[in-house]
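S.K.: Please find one structure pasted underneath; my questions will follow.
The values are calculated or read from the model by the stated rules, or taken from the named source; none is laboratory data. None of these values were measured; they are calculated from a predicted model. Note that each Cβ is placed from the backbone with ideal geometry, even for glycine, and that neighbours are counted across all protein chains shown. To get the accessible areas, we keep the full protein, side chains included, count just its heavy atoms, and leave off ligands, DNA and RNA. Shrake-Rupley method; radii C 1.70, N 1.55, O 1.52, S 1.80 Å.
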Amino acid sequence: MNHKLICLSFFLLISQLSFAQDKTKYKIWNPANDTLNVLEGQGWPKKVKDYYDRLPAKAEGIVRSDVWNLSKNNAGVNLRFRTNSDEIIVKYAVKGSLQMPHMPATGVSGVDLYAKDRDGNWLWSAGSFSFGDTITYRFRNLEQVNNPDREYTLYLPLYNSLKWMEIRVPGEKSFTPLPLHQEKPIVVYGTSIAQGACATRPGLAWTSILQRKLDQPVINLGFSGNGRLEKELIALLTEIDAKLYVLDCLPNLTGITSDDLMARIEASVLQLQNKRPGVPILLTEHDGYTDELISPKRKADYNNPNITLNDAFKQLKAKGIKNIYLLTKNEIGQDIESMVDGVHPNDMGMMNYANAYQKIIKEIFNQPECNVSTAKPITQYRELPGYDWEKDIMRY
């Protein structure tokens, strides 16, 4: 009997020693502690209150509290790094609820990992995840065949705010954070649809898809229920040296008069072009409600703002405003299968958005008049007959 106990004890000891020897030691990287500027999709690097915020610290008290609170969500913010590891672990904590009734935890609070192969093609990694006080994503079996040092992009939660984050790889593997892209970004100001509702994961928000399709930095300034073409937000947008401004706010402007909407559209365009002359501006129609065939009132709810947007677009063009463009509902192409609740796109609807934006943005960038270096401030249009620039600004 004693002999059996001794053998069992010896076996347990050997097992524990073997486990201790096999336990992997990890390198741990906390982006917030890095001196390198690594947050892609953030318009005001080093000027934020909390590390992962989307608006600068000075915006608190300038924008409405609802907008400020939503700016704490990390939609569109992403990190790039290079590693030869076949295992990547991401641990973090968030401040808000993990999920919503119409949007899963993987989209609200999850992260999403993409990579590039040697030819520049995008790859996606399926991580195993657990949600709790600490959220953990484990990406394993990341084979490095013919690509010993791969570039990764990690998208952060769409509808939640990080408290902290750590990225881990085995200690013997390489890990190098990558600095920001130097290209000027596309800046998107919009609603919950732009923020990412209701994508199943962060990489499937249309702004994230567009970023990958164009291989171009995109700044997501979508604010759920609060994309209202407010002059305080437009003033902040002018601080970003953008390649293109996208104004996609009509889904949050269906409850105002056509006169008010007209004034907001015109003033927003003038405000942007006065501060950033020549930078193209893309105005986007309401993409509609997919229950319009069974509820005709819904069609009028989105159609009237679209008519006003088209009228404003024509008036601005008639006043001599250049470098403004229009993306229509038909070009976006939603249908009864592409939305979760008749309002917010599902993953197929997000792809419809991204495809439509990709097509028109490529056309815009190929236009000969898209030349910021030769553009003049919008004040030049004060000389146009019958055009009262100051009155247009004051109407808003």
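S.K.: So what's the Cα pair-distance distribution over segment 146-188, bin width 10 Å, in %?
M.R.: 16, 40, 34, 10, 0
S.K.: How much mean residue ellipticity at 222 nm does the chain get from its helices, if each DSSP H run of length 4 or more adds -39500 (n - 2.57) and you divide by all residues, to the nearest 500 deg cm²/dmol?
M.R.: Estimated from H runs of four or more residues: -9500 deg cm²/dmol.
S.K.: For segment 256-351, with the dipole built from +1 on Lys and Arg beta-carbon atoms and -1 on Asp and Glu ones, taken about the Cα centre, which of Ala300, Phe313, Thr290 lies farthest toward the positive end?
M.R.: Phe313
S.K.: Sticking with this structure for a sec: Using unit Cβ charges (K, R positive; D, E negative) and no other charged atoms, how large, in debye to the nearest 20, is the dipole of segment 125-267 about its Cα centre?
M.R.: 480
S.K.: Counting Lys and Arg as +1 and Asp and Glu as -1, what is the net charge of the other residues whose Cβ lies under 12 Å from the Cβ of Gly96? Let's see the in-between values first.
M.R.: On the way: positive: Lys72, Lys95, Lys163; negative: none.
Net charge in that neighbourhood comes out at +3.
S.K.: Enter the mean projected area of the convex hull around the alpha-carbon atoms of the chain, in nm², rounded to one decimal.
M.R.: On the way: hull surface 99.3 nm².
Averaging across all directions leaves 24.8 nm² for the Cα convex hull.
S.K.: If you don't mind, another one. Multiplying the sequence separation of Glu183 and Glu87 by 0.36 nm and subtracting their Cα-Cα distance, what value in nm do you get? Intermediate results must be reported in sequence, preceding the final value.
M.R.: Working: separation 96, 0.36 × 96 = 34.56 nm, distance 3.04 nm.
Result for the pair: 31.5 nm of gain on full extension.
S.K.: Over all alpha-carbon pairs of segment 300-350, lay out the pair-distance distribution in 5 Å bins, whole %, shortest bin first.
M.R.: Calculated P(r), rounded to whole percents: 5, 17, 20, 19, 16, 11, 9, 4, 0.
S.K.: When the dipole is taken about the Cα centre of segment 167-229, and only Lys, Arg (+1) and Asp, Glu (-1) are charged at their Cβ, what size is it in debye, to the nearest 20?
M.R.: Details: 7 positive and 3 negative charges, 24 e Å.
For segment 167-229, the charge dipole is close to 120 debye.
S.K.: Here's a follow-up. With contacts defined as alpha carbon pairs under 8 Å and 6 or more residues apart, what's the relative contact order of the chain in percent?
M.R.: RCO, the chain: 16 percent.
S.K.: To the nearest 10 Å², what's Phe365's accessible area with a 1.4 Å probe?
M.R.: Number for this one is 60 Å².
S.K.: Could you identify which residue out of Gly120, Gly41, Gly320 has the top mean-square fluctuation in a GNM of the chain using Cα springs shorter than 10 Å?
M.R.: Gly120
S.K.: Then there's this: With springs only between Cα atoms under 10 Å, which of Pro280, Pro217, Pro179 fluctuates most in a Gaussian network model of the chain?
M.R.: Pro179
S.K.: Now a separate question. Using every Cα-Cα pair within segment 221-304, state what percent have a distance larger than 16 Å.
M.R.: The answer is 55 percent, as a whole percent.
S.K.: Quick one: ranking Arg228, Arg118 by accessible area, 1.4 Å probe, largest first, what do you get?
M.R.: Sorted descending by solvent-accessible area, the residues read Arg118, Arg228.
S.K.: As a test, work out the antiparallel percent of DSSP beta bridges whose residues both lie in the chain, rounded to the nearest 5.
M.R.: Here the share of antiparallel DSSP bridges comes out near 70 percent.
S.K.: Please arrange Asp215, Asp34 by accessible surface area, largest first, computed with a 1.4 Å probe and ligands excluded.
M.R.: Accessible-area ranking of Asp215, Asp34, largest first: Asp215, Asp34.
S.K.: Taking every pair of alpha-carbon atoms in segment 21-86, give the share separated by more than 16 Å as a whole percent.
M.R.: 55
S.K.: Follow-up question, since we're still on this one. Can you compute the equivalent ellipsoid semi-axes for segment 263-303, i.e. the square root of 5 times each eigenvalue of the Cα gyration tensor, sorted largest first and rounded to whole Å?
M.R.: Each semi-axis is the square root of five times an eigenvalue, giving 33, 10, 4 Å.
S.K.: With a probe of 1.4 Å, find how much accessible area segment 93-177 has per residue, and write the answer as a whole number in Å².
M.R.: Per-residue value: 48 Å².
S.K.: For the chain, list the DSSP H helices whose alpha carbon atoms reach 20 Å or more along the long axis and whose average Kyte-Doolittle value is -1.0 or above?
M.R.: Counting only whole DSSP H runs, the qualifying helices are 2-22, 258-275, 347-365.
S.K.: Using 0.36 nm times the number of residues separating Thr257 and Asn33, minus their current alpha carbon distance, what extension gain do you get?
M.R.: Stretched fully, the Thr257-Asn33 segment lengthens by 75.9 nm.
S.K.: With both partners inside segment 218-373, how many of the DSSP beta bridges are antiparallel, as a percent to the nearest 5?
M.R.: Here the antiparallel bridges make up roughly 10 percent for segment 218-373.
S.K.: Output needed: percent of Cα pairs per 10 Å distance bin for segment 262-373, bins running from 0 to the one holding the longest distance.
M.R.: Reading upward from the zero bin: 13, 38, 33, 14, 1.
S.K.: Given +1 on the Cβ of Lys and Arg, -1 on the Cβ of Asp and Glu, and no further charges, what dipole in debye does the chain carry about its Cα centre, rounded to the nearest 20? Walk me through the intermediate numbers first.
M.R.: Details: 47 positive and 45 negative charges, 182 e Å.
Here the chain has a charge dipole of around 880 debye.
S.K.: For segment 157-272, build the convex hull from the C-alpha positions and give me its volume per residue in Å³. Display every interim value, and only then the final one.
M.R.: Values: hull volume 15.9 nm³, N = 116.
Taking the convex hull of the Cα positions in segment 157-272, it is 137 Å³ per residue.
S.K.: How long, wide and thick is segment 165-209, going by the Cα atoms along their three principal axes, in whole angstroms, largest first?
M.R.: Projected onto its principal axes, the Cα set of segment 165-209 covers 43, 28, 17 Å.
S.K.: Something else about it: What are the radius of gyration and Dmax of segment 62-211, computed over its Cα atoms and given in Å?
M.R.: 15.7, 51
S.K.: Can you put His286, His102 in order of accessible area, largest first, using a 1.4 Å probe?
M.R.: His102, His286
S.K.: Here is a follow-up. Could you sort out which of Lys58/Lys231; Lys46/Lys173; Lys23/Lys91 sit more than 21 Å apart by Cα distance in this structure?
M.R.: Lys46/Lys173
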